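Enquirer: Mind looking over this structure? Questions follow.
The values are calculated or read from the model by the stated rules, or taken from the named source; none is laboratory data. Just so we're clear, the structure is a prediction, and the values are computed from it rather than from any experiment. Note that we place each Cβ from the backbone using ideal geometry, even for glycine, and neighbour counts take in every protein chain shown. Heavy atoms of the whole protein, side chains included, go into the accessibility calculation; ligands, DNA and RNA do not. Shrake-Rupley method; radii C 1.70, N 1.55, O 1.52, S 1.80 Å.
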Amino acid sequence: MATFARLTGRVVAGAGVLALSPVLGLATLAGMAMVGAEPTAFAVTGLAVFASMFFLGLLLCVPRPRVAWGRWLRAVVVLGVEAAVVWQVSVATLRPAPSHTSLAPVAGQREWRLPTGSELAYVRLAPKRVTRPDPVVFLHGGPGVADLAASSAFFGKLAADGYQVYVYDQLGAGRSARLRDPRGYGLTRDVQDLEAIRQAMGAGRLNLIAQDYGAQLAAAYLAAHPDRVARTVLSSPAGLSQRASTASVLASPSDPSQGSSTATFSASPTEPSQGAPAWEPQARGTDGKVEAAAVFGRDGTPDPRLLAISTLLRVDPRAAHAFAGDRELDAYLDLVRRRAPHPCPAAATGSGGYVGLSGRAAPGSLRLSLTKATAPVLIVKGQCDEQSWASAMEFQRALPSATLAYLGGSTYQSERYLGLLRAFLAGRPVPAYEGQGPPSGYRGPA
């Protein structure tokens, strides 16, 4: 009986060590990354710790036989299992996952090289004769979820009304440039880029059409430059008090007909940062499904490389970027978005690499600043919407001149939506939704 108890104790202890081995390996990887080790060094060190602990766990699980041939057999079995497991984990960890190919230019694509240092891809659509002095600028969501071709095709229809229309990929998204240090992304940088864009256009004021996270960007720009905004449309806006973005991450569609939401790393963008912002993973999703999806491979089993990337993102985004590049992160985020729950059918066709994981916490002063805004604002919600109804209510309460419109069953690519845009931009009345709660039939988050 005592022998059985000892054997049971060894097996339980061995199983515990085996379960602990990947945790200690990831902790070592994170620690080495934090002290500035190179990717090869922190990856190999983490694997070495994992291999050592895994070997110890195997020895504890397999009792030592008394006979010589049994001991030899035990050694062969333990070393064989150790070699097979460590080899598979090492290959899976060190071999880059399939990555996205470079995006081909879209028709009419150009590039802004801004004084901020950002290089942004954009499309300009103009009528034969410009009759509206204030250009229209579309701000996509995500962050990092851009579809330059689809967005320019849809919003370019406004050029028929005499507007110059500009659609661009924000820094780190789509066809625009990426940063080597992901900590450089943030709401402050996006506002600075938008003001530099206005100056590059030579426009006195802008008409802003924003979606999802783009609504936060539009609001922050409106607060910083109230005299530079003619009119603003906030479609499926991400809320003023939440953090808009994702490894945790990422359930965001890039289809302009839907909203988008992503999980988040939070940075504090209340002021232009000179140092590194604090990154904190904040997953959004149903019952943790989004966060869980971030570390599972296509076959549903834990993926060692995704575990390593997710760990590095939490401790040092620069180390994560050195370990896995932007194109690999594009594919990684697309995988997680496909696995994440969506209240509405949505297609995710554009990723933004690390910008999709950067924090977008709205500054605490933004809500107060918006109460002083005088430019007309239209808030648009659809029947099937990724963003919550409460988010739209936040904007309506903060913006005294805001009007809320409900699309019903129409999408953000429909003729009805386009008609709302045309009427509002021209200063004509639009049908307002007067209720405080979502109407009957609404299928988005409350």
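Enquirer: Just a yes or no: is a residue in the stretch 413-430 at pLDDT below 90, of a type in the set (Gly, Ala, Ser) and surrounded by 12 or more Cβ atoms within 10 Å (Cβ to Cβ)?
Expert: Among the residues of the stretch 413-430, not one is at pLDDT below 90, of a type in the set (Gly, Ala, Ser) and surrounded by 12 or more Cβ atoms within 10 Å (Cβ to Cβ), which makes the answer no.
Enquirer: Looking only at residues in the stretch 86-106 that are touching a helix residue (DSSP H, G or I) at 6+ places or on another chain (Cβ under 7 Å) and of a type in the set (A, V, I, L, M), which one is farthest from residue 44 (Cα to Cα)?
Expert: From the stretch 86-106, those touching a helix residue (DSSP H, G or I) at 6+ places or on another chain (Cβ under 7 Å) are 86, 89-90, 92-94, 96-100, 106; that's our starting set.
Narrowing further to those that are of a type in the set (A, V, I, L, M): 86, 89, 92, 94, 97, 106.
Details: 86: 11, 89: 11, 92: 13, 94: 9, 97: 18, 106: 41 Å.
Looking at residues that are touching a helix residue (DSSP H, G or I) at 6+ places or on another chain (Cβ under 7 Å) and of a type in the set (A, V, I, L, M), I get 106.
Enquirer: Additional query: Which members of the stretch 1-48 meet the condition of being within 21 Å of residue 322 (Cα to Cα), open to solvent by less than 50 Å² (accessible area, probe 1.4 Å) and not small (Gly, Ala, Ser)?
Expert: 26, 28, 29, 39, 42, 45, 47
Enquirer: Go through the residues of the stretch 162-179 one by one and say whether even a single one is open to solvent by 10 Å² or more (accessible area, probe 1.4 Å), in contact with a Ser or Thr (Cβ under 8 Å, 6 or more places away or on another chain) and of a type in the set (A, V, I, L, M, F, W, C).
Expert: Taking every residue of the stretch 162-179 in turn, at least one turns out to be open to solvent by 10 Å² or more (accessible area, probe 1.4 Å), in contact with a Ser or Thr (Cβ under 8 Å, 6 or more places away or on another chain) and of a type in the set (A, V, I, L, M, F, W, C).
Enquirer: Right, another one. Can residue 333 be described as modelled with pLDDT of 65 or more, of a type outside the set (Val, Ile, Thr), farther than 25 Å from residue 411 by Cβ and surrounded by 24 or more Cβ atoms within 10 Å (Cβ to Cβ)?
Expert: Considered against the rule, which asks whether it is modelled with pLDDT of 65 or more, of a type outside the set (Val, Ile, Thr), farther than 25 Å from residue 411 by Cβ and surrounded by 24 or more Cβ atoms within 10 Å (Cβ to Cβ), residue 333 comes out as no.
Enquirer: Can you tell me which residue is farthest from residue 187 (Cα to Cα) among those in the stretch 204-237 that are among the aliphatic types (A, V, I, L, M) and part of a strand (DSSP E or B)? I'd like the intermediate steps shown before the answer.
Expert: Filtering the stretch 204-237 for residues among the aliphatic types (A, V, I, L, M) gives 206, 208-210, 215, 217-220, 222-224, 229-230, 233-234.
Keeping just the survivors that are part of a strand (DSSP E or B) gives 206, 208-210, 229-230, 233-234.
Details: 206: 18, 208: 16, 209: 17, 210: 14, 229: 18, 230: 21, 233: 18, 234: 16 Å.
Filtering the stretch 204-237 for residues that are among the aliphatic types (A, V, I, L, M) and part of a strand (DSSP E or B), the one farthest from residue 187 (Cα to Cα) comes out as 230.
Enquirer: Within the stretch 64-165, considering only strands (runs of 3 or more DSSP E) that don't extend past its boundaries, which have at least 2 residues that are more than 22 Å from residue 234 (Cβ to Cβ) and modelled with pLDDT of 95 or more?
Expert: Numbers: elements: 109-113, 119-125, 136-139.
Filter on the stretch 64-165 gives 109-113, 119-125.
Enquirer: Here's something else I'd like to know. Where the second residue is among the small types (Gly, Ala, Ser) and open to solvent by 30 Å² or more (accessible area, probe 1.4 Å) and the first is within 13 Å of residue 436 (Cα to Cα) and lies in the stretch 390-410, which pairs have Cβ atoms under 8 Å and are six or more apart or on separate chains?
Expert: That search, which allows pairs on different chains as well, returns 390/446; 394/241; 403/432; 404/432; 405/432.
Enquirer: May I ask you to say which residue of 396, 413 is outside any helix (DSSP H, G or I) and under 21 Å from residue 218 (Cβ atoms)?
Expert: Numbers: 396 fails: outside any helix (DSSP H, G or I).
Residue meeting the stated conditions: 413.
Enquirer: Let me ask you something else. Pairs under 6 Å by beta carbon, first residue β-branched (Val, Ile, Thr) in the stretch 302-327, partner open to solvent by 50 Å² or more (accessible area, probe 1.4 Å), six or more apart or different chains?
Expert: Once the first residue is β-branched (Val, Ile, Thr) and sits in the stretch 302-327, its partners that are open to solvent by 50 Å² or more (accessible area, probe 1.4 Å) give 315/34.
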